[in-house]
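> The structure follows.
The values are calculated or read from the model by the stated rules, or taken from the named source; none is laboratory data. Remember, predicted model here, so these are calculated numbers, not experimental data. Quick reminder, even Gly has a Cβ in these numbers, built from the backbone with ideal geometry, and neighbours come from all protein chains shown. Accessible surface is based on the protein model in full, side chains and every heavy atom, while ligands, DNA and RNA are left aside. Shrake-Rupley method; radii C 1.70, N 1.55, O 1.52, S 1.80 Å.
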Amino acid sequence: MKLKVVLIALLVLFTVFIVASLASLDWEKREVEIGFHSDVAKDNFTMAQRLLKANGISWIKDKHLAEQAQSEELAIDPKSILILDEAVLADSYLLDTQLADWVADGGRLIYVLNRQREELAIDNSVFFGQLGINVLSQEDVFEYDFAMRKEGDKNSVLSIDENTELELELSRAFYIENCLGVSTNTSEGKTLMCDFAFGQGRVVVMPSLLPFTNYRLRHLDHGSLLLWLSKGAKSISYVPYLTYPNWLAKLWHWSWQFVVTLVLLIVLAVWHITSRIGRAYAPDFEAKTSFNQHIRALANFYSEHGHEAVLFAALKKDFYSKVEARVPNFKMLSAEKQAQSIANLTHFEKQQVAQLLASKLPDSKTQRTNYIKRFKQLRNAL
């Protein structure tokens, strides 16, 4: 009973100690971002759409603009801003030729450069040739499009007016030359974004839409940039590029020498396995040869090469070992008694046995073969 009371008291004291220790700690509430809600993550521009909607501007994702170009003119609201991935021009020649007229008549276009512009030969497109700019691709630039970041890394500044500057983080995948309008430059003087007039309209050339994604819109002045670009518009039509080359085309564009070398190595490896080594699988069965066949083959070899004496010596040795096993002291008997003993054990006559035992190996091949054959018959009769 006392032991039970002591254990309960110790348990109570331990509980009080734990509670007091936890109460004495300084607790701090901290929120850690691990990703976006599923409603936000389903589209990379969800936060941009919400920002625009709060300012009375709608966001429309248009996947069929190239099909609309089949008519004489583009059916786009004149109060709308068009965000166009330049790779779309490679899929529609009519869109490529009609886009310049739409912008020149007062349209506002945000022209987004694409990393596949060299593969798609965008520099040869009709519309890009009328822009009058030159684009330099930077192959060694790799950017994380989907990564949670605490803050942005400013690399350029856009001066809107004397009192307003926007600090931005734009893609360094492209540098723009011959910008005749408002340029957004890096600290080294490289132009990353260009804003200029085109007829009665306006064109803004951007290296990418990364500043407007869910991951970067809240950083620096990216939200202010989006609102400044969409000022005066009722809606924004975004035309993405939905066709991408396969991995082999990308690999060939990166280094066709590597692709050719890889194909040759594969062909040589297949040839090495099939032609030089043989079949790559085990046979269905294993051929087995009996021991008697080996002995017969060895005897034939000796016979063909004139070594019958060796075979006959082995035959006599085997013959006498069998006789001695059945007739004790066989070697001590006379030749006549030996012949008689063997005749008693076999169906051979005494005279035949004596003749076989006393005769030597003939010199003639035919006689030699017959003699060995008769001696084998005598041995087998034991």
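> Somewhere in segment 261-274, is a residue modelled with pLDDT of 75 or more, open to solvent by less than 80 Å² (accessible area, probe 1.4 Å) and either within 30 Å of Leu357 (Cα to Cα) or polar (S, T, N, Q) (or both)?
Yes, segment 261-274 contains at least one residue that is modelled with pLDDT of 75 or more, open to solvent by less than 80 Å² (accessible area, probe 1.4 Å) and either within 30 Å of Leu357 (Cα to Cα) or polar (S, T, N, Q) (or both).
> Sticking with this one: I'd like to check something: does segment 140-152 contain any residue that is at pLDDT 80 or above, open to solvent by less than 70 Å² (accessible area, probe 1.4 Å) and either within 26 Å of Asn44 (Cα to Cα) or in a strand (DSSP E or B) (or both)?
Scanning segment 140-152 turns up no residue that is at pLDDT 80 or above, open to solvent by less than 70 Å² (accessible area, probe 1.4 Å) and either within 26 Å of Asn44 (Cα to Cα) or in a strand (DSSP E or B) (or both).
> Give segment 97-136 a look and list any residue that's in a helix (DSSP H, G or I), open to solvent by 60 Å² or more (accessible area, probe 1.4 Å), at pLDDT 80 or above and out of contact with any Asp or Glu (no Cβ under 8 Å at 6 or more places or on another chain), or say none.
Result: Gln130, single match.
> Report those helices (runs of 4 or more DSSP H) wholly inside segment 277-382 carrying at least 1 residues which are at pLDDT 70 or above and surrounded by 13 or more Cβ atoms within 10 Å (Cβ to Cβ).
Helices (runs of 4 or more DSSP H) meeting the threshold: 308-326, 335-345, 350-358, 365-380.
> Scan segment 159-179 for residues that are farther than 25 Å from Gln116 by Cα and either open to solvent by less than 70 Å² (accessible area, probe 1.4 Å) or hydrophobic (A, V, I, L, M, F, W, C) (or both) and report the count.
Number satisfying all stated conditions: 4.
> Tell me whether segment 33-42 contains one or more residues that are out of contact with any Lys or Arg (no Cβ under 9 Å at 6 or more places or on another chain), in a helix (DSSP H, G or I), modelled with pLDDT under 80 and closer than 30 Å to Ser125 by Cα.
Within segment 33-42 (the criterion being out of contact with any Lys or Arg (no Cβ under 9 Å at 6 or more places or on another chain), in a helix (DSSP H, G or I), modelled with pLDDT under 80 and closer than 30 Å to Ser125 by Cα), the answer is no, since none of the residues qualifies.
> Of the residues in segment 330-354, how many are out of contact with any helix residue (DSSP H, G or I) (no Cβ under 9 Å at 6 or more places or on another chain) and more than 17 Å from Tyr320 (Cβ to Cβ)?
Number of matching residues: 1.
> Counting residues that are over 24 Å from Asp62 (Cα atoms), which strands (runs of 3 or more DSSP E) fully inside segment 160-264 reach at least 3?
Once the strands (runs of 3 or more DSSP E) in segment 160-264 are filtered for at least 3 residues that are over 24 Å from Asp62 (Cα atoms), what remains is 165-168, 174-177, 182-185, 191-198.
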